[in-house]
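Asks: Have a look at the structure that comes next, please.
The values are calculated or read from the model by the stated rules, or taken from the named source; none is laboratory data. Computed from a prediction, not measured in an experiment: that's the story for all the values here. Here the Cβ is made from the backbone with ideal geometry for all residues, glycine too, and neighbour counts use every protein chain on show. What goes into the accessible areas is simple: the full protein's heavy atoms, side chains included, and nothing from ligands, DNA or RNA. Shrake-Rupley method; radii C 1.70, N 1.55, O 1.52, S 1.80 Å.
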Amino acid sequence: MESEKAKIDLQRLPRHIAIIMDGNGRWAQEKGQDRLFGHFHGVESVRDIVEGCAELGIGYLTLYAFSTENWDRPAVEVTGLMELLVETIRKEAETLSRNNIRLHVIGDMTMLPEYARNELKEALEITGKNTGLNLIMALSYSSRWELTEAVKSLALDVKAGKLDPAAITQDTIQQYLSTRDFPDPELMIRTSGEYRISNFLLYQLAYAELYFTSVRWPDFRKENLYEAILDFQGRERRFGKTGAQIQQESSASQTTF
Ligand code: IPE
Ligand code: IPE
Ligand code: MG
């Protein structure tokens, strides 16, 4: 079968793709296995999708790996998954670097055990100077946690006289988010057939195109990514305007250069 990759318009790639990697547990249970077996296989998908995004020239890839709420899962799963995530990130840091991929982490690092914070710090340092794909791992992350932290530091800056409340704009808010250095995602993918956001990038996804697939995360591969990008490229992004306005703007931009 011909790859869907050839059909992708490389001039119109989403700059930032965000993925809710869901369905590891069910994938494993459907095979009569332990949930951790699913997380273990999910790592293969992460490798494949990171490679796929780097090959295409995507600028930013955010992967939702562990939510603030996931801490409430049974202790064996939490410990196993956290160890798997942190060890994988640490072990893959050299490979990421060889491919010019820069790692970032967003989330509540105070919830992580100390060994995990140290391993992550090393991985961030190893990849810190790379200029290719920005790989953002959302680890112990939730959007409401992020917004609460943003409001707290904004309030402190107002109190300290560093910020005038009357001067607050949307750009100011952006500066207080953990995603301050990244553009908003243009495409959000969720695997495993669930149709919800689960506390992921609530502010940043304001105008993202949402793509849902029933494929469980451990089965998600580059071809599935290409399908999602093609679906994205077939959509008309209107940002509140009318379809006619958008068509006019795009024909004007095609004739002016
Ligand atoms: C996604 O798979 C990984 C995490 C949320 C950490 P799940 O573990 O949520 O798998 P399901 O949704 O229970 O199948
Ligand atoms: C969302 O998946 C979090 C991650 C993929 C890390 P969950 O499996 O935790 O979400 P819910 O509980 O089904 O909404
Ligand atoms: Mg799930």
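Asks: For the range 118-257, how big is Rg over Rh, using alpha carbon atoms and the Kirkwood form of Rh? Working shown, then result.
Replies: On the way: Rg = 19.1 Å, Rh = 18.6 Å.
For the range 118-257, the value is 1.03.
Asks: Then there's this: Report ³J(HN,Hα) in whole Hz for each residue of the range 169-184, in order, from the Karplus equation J = 6.51 cos²θ - 1.76 cosθ + 1.60 where θ = phi - 60°; Gly and Pro get x.
Replies: 10, 4, 5, 4, 4, 3, 5, 9, 8, 6, 9, 4, 8, 10, x, 5
Asks: In addition: Hey, rough spin-label estimate for Asn118 and Ile168, points 7 angstrom out along Cα→Cβ, what's it come to in nanometres?
Replies: 4.0
Asks: Between Ser3 and Glu44, what FRET efficiency follows from the Cβ-Cβ distance if R0 is 22 Å, with the result rounded to 0.05? Each step should come with its number before you reach the end.
Replies: Working: r = 19 Å, r/R0 = 0.86.
Computed FRET efficiency for Ser3 and Glu44: 0.70.
Asks: Run the paramagnetic zone check for Thr95: 7 angstrom along Cα to Cβ, then residues of the range 114-142 with backbone nitrogen under 20 Å.
Replies: Of the residues in the range 114-142, 119-139 have backbone N under 20 Å from the label point off Thr95.
Asks: Next question. In a GNM of the chain with a 10 Å cut-off on Cα contacts, which of Gly59, Gly80, Gly23 has the highest mean-square fluctuation?
Replies: Answer for the Gaussian network model of the chain: Gly80.
Asks: What percentages make up the Cα-Cα pair-distance distribution of the range 4-134 when the bins are 10 Å wide from 0?
Replies: With a bin width of 10 Å, the distribution comes to 11, 39, 34, 14, 1.
Asks: Rounded to the nearest whole Å³, what is the per residue volume of the convex hull around the Cα atoms of the range 182-257?
Replies: Working: hull volume 10.5 nm³, N = 76.
Dividing the Cα hull volume of the range 182-257 by its residue count gives 138 Å³.
Asks: Straight-line reach from Lys152: which lysines have a Cα under 23 Å away, not including same-chain ones fewer than 8 places off?
Replies: Output for Lys152: Lys162.
Asks: Rounded to the nearest 10 Å², what accessible area does Tyr64 show when all protein chains are kept and the probe is 1.4 Å?
Replies: 20
Asks: For the chain, take every pair of Cα atoms, bin their distances at 10 Å starting from 0, and report each bin as a whole percent.
Replies: The calculated distribution, bin by bin, is 6, 27, 34, 22, 9, 2, 0.
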